[in-house]
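*Asks:* Below you will find the structure I want to go over with you.
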Amino acid sequence: MKPKSITLYDVARHAGVSYQTVSRVINQAEHVSARTREKVEQAMTALHYVPNRVAQQLAGKALLTLGLVTADLSLHAPSQIAAAVKRRASLAGYNVVMSMPEDNSVAACEAAVAGLLAQRVDALLINVPLENDAAAHIAARSQPLPVLFLDVDENAPVPSMVFDAQQGARLGIEHLLALGHRRIACLAGPLDSVSARLRHQGWIAALHQAGLTPCVEAHGDWSAASGYHHAHAILAARPDGVVVANDQMALGVLRACAEQQLQVPDAISVIGYDDTADSAWFTPALTTIRQDFRLLGERSVEWLLARLHAAPTAESAITLPVSLIERQTSGARRSTEITPRQIAARLTQLAQQLADLDRS
């Protein structure tokens, strides 16, 4: 038998208030005291009551919704941003409808935006990499809705909120230089990504200022697998430091170092980018450039809410700072010469592996 649905009358009885008071709390009406609102919300939680949003729409209630076009949520950074957006929007009484394009092409992004506009969203967040012209076209198409871009050049002709890529790149290179590293490799992100390009440009500029160039460069696709794949070619150039465009690819680099028996950070230092939630739990824990995704998600929603409530913010291009988080994958440059004892140990290990193969 289907269990009985909890109604507003049940919530009202549990909270000791009227049906109309419960309705006013759910619809965020004014003239409800904080104490009464708290009693009703506690009753809703205790009874597991969920407001019927469809019924509210049919009754003509305003259903406030933010649309989020997001990059691949299997990647840590976009998923953390989406979670922060959802939390902050919920606190403000907004729903969030998300659309994830099949790829980062302009056509796929435009289709995702069109789908959200068809759902009558009230404002848009765009967190996919876009060149200036494409972003301007999508912004014009989205009018009169407020729209904010999270992965564009800081000089793009659209409202944007982005992290300071130049600062992040400089912090990573300066950290390696201060530790005595001079053979520095760069593992950048995809060539079609704005943020990847900005980080790469920042690395090159910081190295150039020190009179250096990368000893080797490669471009991955943000995944740990691509970091692992490219790391083998990078390590063949014998760098003593590697800057990586995100933490997931850095995880792949650490795996390759372990397989080649390169001790991190004694033989090579590795610096990631993002400081995603898992970075502190890598082995060893990852030194990385921290981007505060929770701050970005919260502030982006607040920016849109200000626009929706006819209170335009003074800034339409906001740059958020980043910081270096020093952990265990970076250290002072040490000699990487192989000692006779290490050679003997490696030969013994290989002999054991061959013996195991013969017995299998």
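*Asks:* When the residues of the range 57-81 are narrowed to those that are at pLDDT below 85 and assigned to a loop (DSSP other than H, G, I, E, B), which ends up nearest to residue 110 (Cα to Cα)?
*Replies:* 64
*Asks:* Kindly indicate whether residue 355 is at pLDDT below 85 and not in a helix (DSSP H, G or I).
*Replies:* No.
*Asks:* Hey, could you check the range 1-56 for residues that are of a type in the set (D, E, K, R) and modelled with pLDDT under 70 and say which is most open to solvent (accessible area, probe 1.4 Å)?
*Replies:* 2
Results for (1) polar (S, T, N, Q); (2) within 30 Å of residue 298 (Cα to Cα), shown as yes or no for each residue.
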position: 168; (1), (2): no, yes
position: 186; (1), (2): no, no
position: 218; (1), (2): no, no
position: 234; (1), (2): no, no
position: 248; (1), (2): yes, yes
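*Asks:* If we scan the range 208-215, do we find a residue that is free of Cβ contacts under 8 Å to residues at least 12 places away in the same chain, closer than 24 Å to residue 154 by Cβ, surrounded by fewer than 21 Cβ atoms within 10 Å (Cβ to Cβ) and not basic (Lys, Arg)?
*Replies:* Step one: list which residues in the range 208-215 are free of Cβ contacts under 8 Å to residues at least 12 places away in the same chain, which gives 208-209, 211, 213.
Still in the list and also closer than 24 Å to residue 154 by Cβ: 208-209.
Then keep just the ones that are surrounded by fewer than 21 Cβ atoms within 10 Å (Cβ to Cβ); that gives 208-209.
Then keep just the ones that are not basic (Lys, Arg); that gives 208-209.
Scanning the range 208-215, I find at least one residue that is free of Cβ contacts under 8 Å to residues at least 12 places away in the same chain, closer than 24 Å to residue 154 by Cβ, surrounded by fewer than 21 Cβ atoms within 10 Å (Cβ to Cβ) and not basic (Lys, Arg), so the answer is yes.
*Asks:* Is there any pair linking a residue in the range 184-198 that is under 16 Å from residue 105 (Cβ atoms) to one that is crowded, with 22+ Cβ neighbours inside 10 Å and of a type in the set (Asp, Glu), with Cβ under 7 Å and at least six apart or on different chains, and which?
*Replies:* Sorted first by the residue in the range 184-198, then by its partner, the pairs are 194/151.
*Asks:* Restricting attention to the range 108-122, which residues are open to solvent by less than 40 Å² (accessible area, probe 1.4 Å) and either at pLDDT 95 or above or touching a Ser or Thr at 6+ places or on another chain (Cβ under 8 Å) (or both)?
*Replies:* 112, 113, 115, 116, 121
*Asks:* Another question about this same structure. Which is of a type in the set (Asp, Glu) and in contact (Cβ under 8 Å) with a residue 40 or more places away in the chain, of 102, 131, 110?
*Replies:* Sole residue among the options that is of a type in the set (Asp, Glu) and in contact (Cβ under 8 Å) with a residue 40 or more places away in the chain: 131.
*Asks:* For the range 260-276, state whether one or more residues are of a type in the set (S, T, N, Q), over 30 Å from residue 148 (Cα atoms) and touching a Gly at 6+ places or on another chain (Cβ under 7 Å).
*Replies:* Scanning the range 260-276, I find at least one residue that is of a type in the set (S, T, N, Q), over 30 Å from residue 148 (Cα atoms) and touching a Gly at 6+ places or on another chain (Cβ under 7 Å), so the answer is yes.
*Asks:* Take the conditions in a loop (DSSP other than H, G, I, E, B), modelled with pLDDT of 95 or more and either among the hydroxyl-bearing types (Ser, Thr, Tyr) or surrounded by 21 or more Cβ atoms within 10 Å (Cβ to Cβ) (or both) and apply them to residue 284. Does it pass? If you could, list the steps in order and put the result at the bottom.
*Replies:* On the way: in a loop (DSSP other than H, G, I, E, B): yes; modelled with pLDDT of 95 or more: yes; either among the hydroxyl-bearing types (Ser, Thr, Tyr) or surrounded by 21 or more Cβ atoms within 10 Å (Cβ to Cβ) (or both): no.
When the stated conditions are applied, residue 284 does not pass them.
*Asks:* Determine if the range 230-253 includes at least one residue that is part of a loop (DSSP other than H, G, I, E, B), surrounded by fewer than 22 Cβ atoms within 10 Å (Cβ to Cβ) and under 15 Å from the mean Cα position of the chain (by Cα). Show your work before the answer.
*Replies:* At the first step, the residues of the range 230-253 found to be part of a loop (DSSP other than H, G, I, E, B) are 237-240, 245-246.
After this cut, where a residue has to be surrounded by fewer than 22 Cβ atoms within 10 Å (Cβ to Cβ) as well, the list is 237-238, 240.
Within this subset, residues satisfying the condition of being under 15 Å from the mean Cα position of the chain (by Cα) are none.
For the range 230-253, residues part of a loop (DSSP other than H, G, I, E, B), surrounded by fewer than 22 Cβ atoms within 10 Å (Cβ to Cβ) and under 15 Å from the mean Cα position of the chain (by Cα): absent.
*Asks:* Considering only residues that are open to solvent by 30 Å² or more (accessible area, probe 1.4 Å) and among the polar types (S, T, N, Q), which ones fall in the range 186-207?
*Replies:* Within the range 186-207, just 201 meets the criteria.
*Asks:* I need a count of the residues in the range 139-158 that are touching a Phe, Trp or Tyr at 6+ places or on another chain (Cβ under 8 Å) and either open to solvent by 30 Å² or more (accessible area, probe 1.4 Å) or in a helix (DSSP H, G or I) (or both).
*Replies:* Residues that pass the stated criteria total 1.
*Asks:* Can you pull out every residue in the range 84-96 that is open to solvent by 40 Å² or more (accessible area, probe 1.4 Å) and out of contact with any Asp or Glu (no Cβ under 6 Å at 6 or more places or on another chain)?
*Replies:* Correct list: 86, 87, 90, 91, 95.
*Asks:* Same structure again: Quick one: how many residues across the range 74-83 are farther than 19 Å from residue 224 by Cα and buried (at least 17 other Cβ atoms within 10 Å of the Cβ)? Please lay out each step first, then the result.
*Replies:* Filtering the range 74-83 down to residues farther than 19 Å from residue 224 by Cα leaves 81-83.
Retained after the next criterion (residues that are buried (at least 17 other Cβ atoms within 10 Å of the Cβ)): 81-82.
The number of residues fulfilling the criteria is 2.
The values are calculated or read from the model by the stated rules, or taken from the named source; none is laboratory data. Everything quoted here is computed from the prediction, not taken from an experiment. So basically every Cβ, Gly included, is an ideal-geometry build from the backbone, and we count neighbours across all protein chains shown. These accessible areas exclude ligands, DNA and RNA; they are computed on the full protein's heavy atoms, side chains included. Shrake-Rupley method; radii C 1.70, N 1.55, O 1.52, S 1.80 Å.
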